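Student: Supplied in structure tokens, the structure appears directly below.
No lab work stands behind these numbers, since they all come straight from the coordinates. Bear in mind that the values here come from a model prediction, so they are computed numbers and not experimental data. Cβ atoms come from the backbone with ideal geometry, glycine included; neighbour counts cover every protein chain shown.
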Amino acid sequence: MKRPVNWCILFVCLFGSRVSNGQRLTISADGYQRWEIIQSQVDVPGPLKIDPNNLRFTYGLSVSYESGRNGVEAGVMAYPYRIDLRFKNFFSGQTGPSNIALFTLLYRRRLLVTKKHKLALYALAGVGVGHYRNDKIQYGMGTVSVNGTVVYSDHFDEYSTYDRPVVLLPVTQFELEKSLSPRLFIRARATYVFPNFAGFARPLEEATYSYTYQQQNGRGTLTDYGNGSMVGLSLGYQITL
């Protein structure tokens with residue numbers, strides 16, 4: 001009788017020590033809205049203003065392990081990239097995004113926790129690694145007519161200047177976590193992705209454009225280095241170890 005009791009005591013002590021250390025494993029489904037930062041170089045100033053921001057939806061999965069205040073997180077996301085030609089308060093020429101399967105490895109650090117409101121604040125930093133697809137898209141002439149008169153015509157060439165197979169994007173992130181139940185949680189995330197480090201300051205993509213609007217011309221180049229900010233939500237499940 002003593003042996004089973006001793007085993008039970010040992011199990012309780014081990015389990016209790018792990019809980020007190022705050023060890024847990026989580027898995028979450030993530031969704032983000034991404035703002036790409038497009039740099040614009042205007043060769044011939046025209047009457048239309050270029051909007052350098054592209055909005056893209058990003059989604060993925062992540063798994064994290066925490067012990068006390070520290071932890072590590074691994075994830076994968078469909079990271080979109082593709083230059084759009086956007087004119088503020090006018091119209092835009094767009095195409096669907098290409099996606100990099102971006103694998104992320106982040107260090108997690110809990111900054112603050114409030115038991116009353118079941119909130120926790122985290123800071124994360126690490127890298128995202130993915131395989132780049134070198135695509136090239138060319139657009140022909142497009143026109144817009146009003147009462148039979150062409151008021152706008154454009155030409156847009158989109159191409160890649162990055163010829164390496166691997167993309168390396170440093171990542172920083174802040175995260176606010178809210179416990180919904182002993183197992184479920186929701187996270188609000190704010191992320192910034194730095195330019196492609198493996199490219200040594202070479203953009204992932206560039207696009208040249210030219211247009212004519214009511215007999216006024218414009219021409220320039222847009223470049224995308226892969227960087228930008230993201231905000232999103234995660235819904236997850238946690239297991240206490």
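Student: Considering the values [x] 1, 6, 11, 15, 13, 11, 10, 8, 7, 5, 4, 3, 2, 1, 1, 1, 1, 0, 0, 0; [y] 1, 6, 13, 17, 17, 14, 11, 9, 7, 4, 1, 0, 0; [z] 1, 7, 15, 20, 21, 18, 11, 5, 2, 0, 0, which represents P(r) over Cα pairs in 5 Å bins from 0, in percent as calculated for the structure under consideration?
Tutor: Evaluating P(r) over Cα pairs in 5 Å bins from 0, in percent on these atoms matches [x].
Student: Taking only the C-alpha atoms, wrap a convex hull around region 109-213 and report its volume per residue in Å³ as a whole number.
Tutor: On the way: hull volume 21.0 nm³, N = 105.
Enclosed volume per residue, from the Cα hull, is 200 Å³.
Student: Now for a separate question. Under 15 Å from the Cβ of V127, count the other residues' Cβ atoms, weight Lys and Arg +1, Asp and Glu -1, and hand me the total.
Tutor: 0
Student: Mind counting lysine pairs for me in the chain? Cα separation below 27 Å, and the two need to be 8 or more apart along the chain or on different chains. List each step's numbers first, then the result.
Tutor: Working: K49/K88; K49/K136; K88/K136; K115/K178; K116/K178; K118/K178.
Pairs that pass both the separation and distance tests number 6.
Student: A further question follows. Would you mind checking the tilt of helix 2-20 against the longest principal axis of the Cα atoms of the chain, expressed as 0 to 90 degrees and rounded to 10?
Tutor: The two axes meet at around 30 degrees.
Student: Towards the positive end of the charge dipole of the chain, with charges on Cβ (+1 Lys, Arg; -1 Asp, Glu), say which of Q214, G60, G236 has the farthest Cα.
Tutor: G236
Student: At what distance in angstrom do the alpha carbon centres of region 52-74 and region 165-230 lie from each other?
Tutor: So the separation of the two Cα centres works out to 15 Å.
Student: Could you state the principal axis extents of the C-alpha atoms in region 52-182, from the largest down, to the nearest angstrom?
Tutor: Over region 52-182, Cα extents along the principal axes are 68, 37, 21 Å.
Student: Among S67, S145, S210, determine the one that fluctuates most according to a GNM of the chain built with springs between C-alpha atoms less than 10 Å apart.
Tutor: Looking only at S67, S145, S210, the biggest GNM fluctuation is shown by S145.
Student: Additional query: Of N54, N89, N70, which is the most mobile in a GNM of the chain whose springs link Cα atoms less than 10 angstrom apart?
Tutor: Fluctuation is largest for N89.
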